[in-house]
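The values are calculated or read from the model by the stated rules, or taken from the named source; none is laboratory data. Being a predicted model, the structure only gives us computed values, none of them experimental. So basically every Cβ, Gly included, is an ideal-geometry build from the backbone, and we count neighbours across all protein chains shown.
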Amino acid sequence: MQLLFIADPLESFKTYKDTTFAMMREAQRRGHTISACLPQDVMWERGAPVRAHVRDIELTGQAQEWYRVRQERAEALAGFSAVLMRKDPPFDSEYFYATHLLEQAEREGARVFNRPRALRDHPEKLAIMEFAQFIGPTLVTRDARDIRRFHAEHRDIILKPLDGMGGMGIFRVGADGLNLGSITETLNRGGAQSLMVQKFLPEIAQGDKRVLIIGGKPVPFCLARIPQGDEVRGNLAAGGKGVAQPLSARDREIAEALGPILHARGLLLVGVDVIGDYVTEINVTSPTCFQEIQQQTGCDVAALFIDALEAELDAGRPGT
């Protein structure tokens, strides 16, 4: 197979923990060839297919100079066996436009994972609305009055922007309501921007669990991201400690309910965030935690992913 990874700059990869790197390493181990580009390297012109300026690379096995470039070239996306969209959030306007270019490439025969339309249809905060039976008390609004009412009912709440990542912009407001007005004004920009408000779940002390679903099936281990010190956020980017552990019965129930639905829509890889018994987010753009789980449990998540990718390509289903 010839695989194209659309990702962040290779120079920025932290290879000891990067999930896209783990995918590349497993793909090369199996004899597949690897190319990479940035989202801005993808272009379309009338009379031609969607193309990208790509670098064909080879992994060296070294810690520092971990890849070498074999050649640089322009290639139609349909010329690759599979295109893997692995650009990290946020899902901004440019990411949105990229999904349209990728969808055009699909019409020309490209096989894109996760599928572009599914990426657009499942914003990572709002996708949980469809599965309300698995979530805790949650409000999406831009109205400060709604937020005050929600706080009065639940007393201890979390507020977060809909386009945040890595724990950025998350606030907790306790029963005293201290700074609720100021936080609301900051996040909703005076009523111009929607945000999400959720009842605080004390089970966060045991970790914000990343449950991975590959090809519609749960990976048997999750990564519990445990807040440290007086921090309320478990995100690894916010200093959380990652502890791999077997799925609980509830984790598995959630994954087995959501997995087939999301897979049927073209989402080969999904990362469901679970606190206690409740889903808080559904991550589809660039789910991570492969290496942390493998290093702590021996479960080779990258191998499970490439297995699923190969199965999709063998089945002849474009992006689904």
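Being small (Gly, Ala, Ser), surrounded by fewer than 21 Cβ atoms within 10 Å (Cβ to Cβ) and in contact with a Gly (Cβ under 7 Å, 6 or more places away or on another chain): is that true of residue 308 here? Yes; evaluated as a whole, the condition is true for this residue. Screening the candidates 210, 225, 233 for the property of being among the basic types (Lys, Arg), in a loop (DSSP other than H, G, I, E, B) and within 24 Å of residue 95 (Cβ to Cβ) yields one hit, 233. Checking 77, 38, 84 one by one, the residue that is among the hydrophobic types (A, V, I, L, M, F, W, C), touching a helix residue (DSSP H, G or I) at 6+ places or on another chain (Cβ under 6 Å) and not assigned by TED's automatic domain parsing to the domain that holds residue 293 is 77 and no other. Just one residue in the set 197, 173, 140 is within 21 Å of residue 262 (Cβ to Cβ) and either not aromatic (Phe, Trp, Tyr) or not assigned by TED's automatic domain parsing to the domain that holds residue 282 (or both); that residue is 140.
Yes or no, residue by residue, for (1) more than 16 Å from the chain's Cα centre (by Cα); (2) more than 21 Å from residue 253 (Cα to Cα); (3) polar (S, T, N, Q):
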position: 264; (1), (2), (3): yes, no, no
position: 271; (1), (2), (3): no, no, no
position: 280; (1), (2), (3): no, no, yes
position: 287; (1), (2), (3): no, no, no
position: 295; (1), (2), (3): yes, yes, yes
position: 299; (1), (2), (3): yes, no, no
position: 303; (1), (2), (3): yes, yes, no
position: 309; (1), (2), (3): yes, yes, no
position: 312; (1), (2), (3): yes, yes, no
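Restricting the range 144-203 to residues that are without any contact (Cβ under 8 Å) to a residue 24 or more places away in the chain and surrounded by 18 or more Cβ atoms within 10 Å (Cβ to Cβ) leaves a set whose member that is nearest to residue 92 (Cα to Cα) is 171.
Name the single residue that is farthest from the chain's Cα centre (by Cα) among those in the range 38-60 being over 25 Å from residue 21 (Cβ atoms) and surrounded by fewer than 17 Cβ atoms within 10 Å (Cβ to Cβ). Checked the range 38-60; the qualifying residue farthest from the chain's Cα centre (by Cα) is 47.
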